[in-house]
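Structure first, then comments.
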Amino acid sequence: MKRSFLLLCAAAFIMTAKAESQYDAYYQTLPIAIEHVTPVTFPDTSVNLKSYFKKYQINPQAGTLCTEAIQAAIDELAQAGGGHIIVPRGTWKTGPIVLKSNIDLHLNKGAVLLFTEDKTQYILPDKKGKVPSKARPCISASKAENVGITGQGVIDGQGFYWRPLKYKKLMKGSEEDKAVWAYAKSLGGKCVPNGKDTLWYPYNLKAELGVTNIGSSPEEQENYRYHLVNITDSKNVLVEGVTLRNSPKFHLVPARIQNLIIDNITVDCPWWAQNGDAMDIGNTQVCLVVNCKVSAGDDGICMKGGVGQSGLERGPNSDFLICNDTVFRAHGGFVIGSEFSGGMKKMVVKNCFFDGTDIGLRFKSAPGRGGICEDIYCEDIVMRNIREDAIFFESGYADKAVGRSATAGDNKEAFFPDWAHFTFRNITAANVRNFVNATGLKNMPVHDLVFENIHVYGVLKEPLKLKYCKSFLFKNCSYTGGTSNDINNCEKIIYNSKDLTE
């Protein structure tokens, strides 16, 4: 009896250890100790949407909307205690859906959730008759616990019907990219002058497309544009395996989350997609982003932290591990900003590969939307074909929405970006414009940065382009190519034991 009891205890210990160690291997040999994520679990109950599609007489060939069927399945399973909603193989057109606590939306291989091009579906009145001021996210959850989006299927936001296009941006691309402009105009829409450029808006599209305007002008309709997946104020969130594609705006936006896991997802977005960020994670504590592949129309893996006092009150992004991720086309591979007033703490970016991004490591903000950085480590990173800078800091970044002037209304007398306490280590980069391009503020320089064992090949312009920077230490770093360094208003820039500012 005693032996049986001990065996049961041992088995229980092994099972517990296995659950606890599912992600622990990623946290080995880190430069700082950070809190580990906890696996997100769900009840064993599963509901296949086939039965709901049959009940609601869904005909995918006829394009019947599945919104009511999917939402009913979510609501009923949540009421019963939760479990897995199985999306079967096939293409299922739907309007916006809301996830609940203890629900895992699981897309089987070959399953596509195709979000309808009918914009009116995203501004339907709620149960109280209130019409939203912005379009609802395609998938959302708020104030929930244990929420999952998993599987091998695809979530497609049909963002082409939402996003404006910039003529000059497309004309800088391939012949295939240039053809996008002709295709857009073939759908109708409206072209609006934008300085020396022209914007195409998906407004007044051809009647046979069945896409109704939801604003009185292209610019007003642009204000409605929202995200593909937006989960807020929640605990224990898992996004795993799925492909996110063609968002109307950002693809994955988790904000104010406790314990977030993003594992092995793909974000597939055209490089010219306006505001096509892959993932923007804000004011979140304890997060793992691992094994992901990203192509984005804007920033790749981006950290946000709110603007001003409200951002500060929501707390920092802290205890982050971002590893084994690949970013192809994007404005930046790993990014902080532009808004991060809540701050950034205890963050490690490790074993990542950036190929074809505009900037490798991109840190951007401005007075009124900045915050404090503490213990940020970027190491064991390979970059190639970087169009601009390997490492970039900007303290005067102008956050500018399409077709509008730069952000106004921020408190420019407070919340300065305090770019400090970064360590960059074991990085290789090839074919870049600048090695480090950093611009601080006169009253708040970029300061206390360490660059160690970094080797950059094929610099096209200035290897070091620095203004208002202080206490940069370069140890065992090298570069080839480039002209002379451009260093102004800087102090204590030490490159391989030589003070460049003397």
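The values are calculated or read from the model by the stated rules, or taken from the named source; none is laboratory data. None of the values given here were measured: they were computed from a predicted structure. So basically every Cβ, Gly included, is an ideal-geometry build from the backbone, and we count neighbours across all protein chains shown.
Here the condition is being buried (at least 22 other Cβ atoms within 10 Å of the Cβ), in the same structural domain as Ser310 (by TED's automatic domain parsing) and under 21 Å from Val382 (Cβ atoms); of Phe422, Phe472, it holds for Phe422 alone. Of everything in the stretch 390-425 that is part of a strand (DSSP E or B) and over 20 Å from the mean Cα position of the chain (by Cα), the residue that is modelled with the lowest pLDDT is Ala406. Per this entry, Thr91 is counted among residues that are polar (S, T, N, Q), touching a helix residue (DSSP H, G or I) at 6+ places or on another chain (Cβ under 7 Å) and either over 20 Å from Ile261 (Cβ atoms) or assigned to a loop (DSSP other than H, G, I, E, B) (or both). If only one of Pro125, Pro132, Pro96, Pro137 is out of contact with any His (no Cβ under 6 Å at 6 or more places or on another chain), at pLDDT 95 or above and under 25 Å from Leu209 (Cβ atoms), which one is it? Just one listed residue meets the conditions, Pro96.
To keep it simple, each residue is scored yes or no on (1) buried (at least 21 other Cβ atoms within 10 Å of the Cβ); (2) in contact with a helix residue (DSSP H, G or I) (Cβ under 8 Å, 6 or more places away or on another chain); (3) closer than 27 Å to Met171 by Cβ.
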position	(1), (2), (3)
Arg225	yes, no, yes
Pro248	yes, yes, yes
Gln285	no, no, no
Asn291	no, no, no
Gly306	yes, yes, no
Gln309	no, no, no
Asn324	no, yes, no
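Of all residues in the stretch 356-386, exactly one satisfies the criterion of being under 15 Å from Gly458 (Cα atoms), within 20 Å of the chain's Cα centre (by Cα), not β-branched (Val, Ile, Thr) and not in a strand (DSSP E or B), namely Gly356. Of all the numbered requirements in (1) surrounded by fewer than 21 Cβ atoms within 10 Å (Cβ to Cβ); (2) in contact (Cβ under 8 Å) with a residue 40 or more places away in the chain; (3) not in a loop (DSSP other than H, G, I, E, B), Ile214 misses one, and that requirement is (3).
If you go through the stretch 469-485 and keep only what is among the hydroxyl-bearing types (Ser, Thr, Tyr), in a strand (DSSP E or B) and more than 10 Å from Val459 (Cβ to Cβ), you end up with Ser471, Ser478.
Does Lys235 fit the bill of being surrounded by fewer than 21 Cβ atoms within 10 Å (Cβ to Cβ) and within 30 Å of Leu321 (Cβ to Cβ)? Yes, satisfied. Considered as a group, the residues in the stretch 257-282 that are outside any loop (DSSP other than H, G, I, E, B) and of a type in the set (S, T, N, Q) include one that is nearest to Phe320 (Cα to Cα), and that residue is Asn259.
Considering (1) of a type in the set (Asp, Glu); (2) free of Cβ contacts under 8 Å to residues at least 60 places away in the same chain; (3) part of a strand (DSSP E or B), the lone condition that Asp104 does not fulfil carries the number (2). Scanning the stretch 55-66 for residues that are modelled with pLDDT under 95, part of a loop (DSSP other than H, G, I, E, B), surrounded by 18 or more Cβ atoms within 10 Å (Cβ to Cβ) and aliphatic (A, V, I, L, M) turns up at least one hit. Take the conditions exposed (fewer than 15 other Cβ atoms within 10 Å of the Cβ) and in a strand (DSSP E or B) and apply them to Pro193. Does it pass? Criteria met by Pro193. Within the stretch 138-146, the presence of at least one residue that is touching a Phe, Trp or Tyr at 6+ places or on another chain (Cβ under 6 Å), closer than 18 Å to Ala278 by Cβ and outside the structural domain of Pro254 (by TED's automatic domain parsing) is confirmed.
Return yes when Ser341 is buried (at least 24 other Cβ atoms within 10 Å of the Cβ) and in contact with a helix residue (DSSP H, G or I) (Cβ under 6 Å, 6 or more places away or on another chain) and no when it is not. Against the criterion (buried (at least 24 other Cβ atoms within 10 Å of the Cβ) and in contact with a helix residue (DSSP H, G or I) (Cβ under 6 Å, 6 or more places away or on another chain)), Ser341 qualifies. Do we have any residue at all in the stretch 450-469 that's of a type in the set (D, E, K, R) and in contact with a Pro (Cβ under 8 Å, 6 or more places away or on another chain)? Looking for residues that are of a type in the set (D, E, K, R) and in contact with a Pro (Cβ under 8 Å, 6 or more places away or on another chain), one finds none in the stretch 450-469, hence no.
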